[in-house]
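Read-outs: derived from the displayed coordinates by stated rules, not from any lab. This structure is a prediction, so every number in the text was calculated from the model and none was measured. Quick reminder, even Gly has a Cβ in these numbers, built from the backbone with ideal geometry, and neighbours come from all protein chains shown.
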Amino acid sequence: MRGMGKTRRMVSLGLCGAALAAALAAPAQADVPAEEAQGRGLGWHLKDTGTDVRFRGLAAVSRKTAWVAGSKGTVLRTADGGRSWRNVSPPGAGELEFRDIEAFGARRAVVLAIGEGEASRVFRTEDGGATWTESFRNTDPKAFYDCVTFFDSRNGLAMSDPVDGKYRILSTGDGGKSWKVLPTDGMPAAQTGEAGFAASGQCLVSAGARDVWLATGGGATGRVLHSADRGLTWTAAESTIPAGDSARGVFGLAFRDRTHRNHGIAVGGDYRKDQPSPRAAAVTADGGRSWRQSTTPPPAYRSGVAWLPHTKSAALAVGPTGTDITLDGGRSWRTVDTGSYDTVDCARDGGCWASGEKGRVAALG
């Protein structure tokens, strides 16, 4: 009976995901602002966070529970679907810039602050943000940490922009309590001017027990680096997303899941408002060894991307000018919302969240 119950639950979740993808793709809902879509009961439903800070860090735990992290050292948590938010910011962190957060439920989370030298820090909590412990503070003035990711509740990595010509990787095996710098022998050389973008917490992502990908920009080409051994050795592949400028490149990555981790999407472009981004998305079917340009990419720069749970080929991409959906694994995209968001994340139960400027946080209806 327990097995049958699990099967029914998974079928139900799959149907919900497919129905949501189909509803979002309906022509009548195209290019609808979040507020109007909310009135129709479809799309992003804005939640009042009571603040105006910019949330580039987001961790979707479930339909009910989510964490956001942003400027002014701010961390918020909801456990009721966004109806109320608790300010659980680390004490004394007001001068820090949080750009990424990873959560393992309603009580455990790890948050990354970015910046040069000691501005790059990692904090962790085990009691829902009531107390925090600073578990890492960067002491190298040449390092600038951008993103953090976890393979499971214990093993994770964080990445810094190149130091002495190579990306620097931090590793933890105890849930973020302690960190060590990995050797760079297996890291390919960085391009001149190349770096990661701390725009959405998605410049370093993982899928499965050992695979991790790193997104780059600023160099001659926008690249995606891949490691199959938790960051010890890496290979680099050129994406089709243009770079060649400090404002252009790959900003966000998403790989499907443990079973289908060969299937990935890259998004990016040029974050400057007055510059076009004609090739803002790319796809891979071989784990990032090669990338193909989306035939119909998003119409503008996109910083965040997430697969819709329990669907075979549906995903969302977000940026300051809107949200796009793909139903064919990233090959073609269509705008479904024109609200501004920096990042997007989906939980295993089908709950999807987005966050961005001016305190904006939304849940997908």
Report the relative contact order of segment 2-364, percent, no decimals, based on alpha-carbon pairs under 8 angstrom and at least 6 residues apart.
16
In whole Hz, what ³J(HN,Hα) sequence does segment 304-318 give by Karplus (6.51, -1.76, 1.60; θ = phi - 60°), x for Gly and Pro?
x, 8, 8, 6, 6, x, 6, 10, 7, 8, 9, 8, 10, 10, 10
Work out how much length Thr296 to Ser246 would gain on full extension: take 0.36 nm times their residue separation and subtract the Cα-Cα distance, in nm to one decimal.
15.5 nm
So for Phe98, Phe151, Phe144, fewest C-beta neighbours within 10 Å to most, what's the order?
Phe151, Phe144, Phe98
Could you derive backbone 3J(HN,Hα) for segment 259-264 from the dihedral phi with the Karplus parameters 6.51, -1.76 and 1.60 (θ = phi - 60°), listing whole Hz in sequence and x where the residue is Gly or Pro?
6, 10, 6, 6, 8, x
Estimated FRET transfer efficiency (Ser313, Asp349; beta-carbon r; R0 25 Å; 0.05):
0.80
Contour minus end-to-end for Ser84 and Ala285, with contour as 0.36 nm per residue of separation and end-to-end as the Cα-Cα distance?
68.4 nm
Cβ-based net charge around Asn262, under 15 Å, with every Lys or Arg adding one and every Asp or Glu removing one
+4
HN-Hα J in Hz across segment 187-198 - Karplus 6.51, -1.76, 1.60, θ = phi - 60°, x for Gly and Pro:
9, x, 5, 6, 6, 4, x, 7, 6, x, 10, 8
May I have the count of lysine pairs in the chain with C-alpha atoms under 28 Å apart, counting pairs 8 or more residues apart or located on different chains?
21
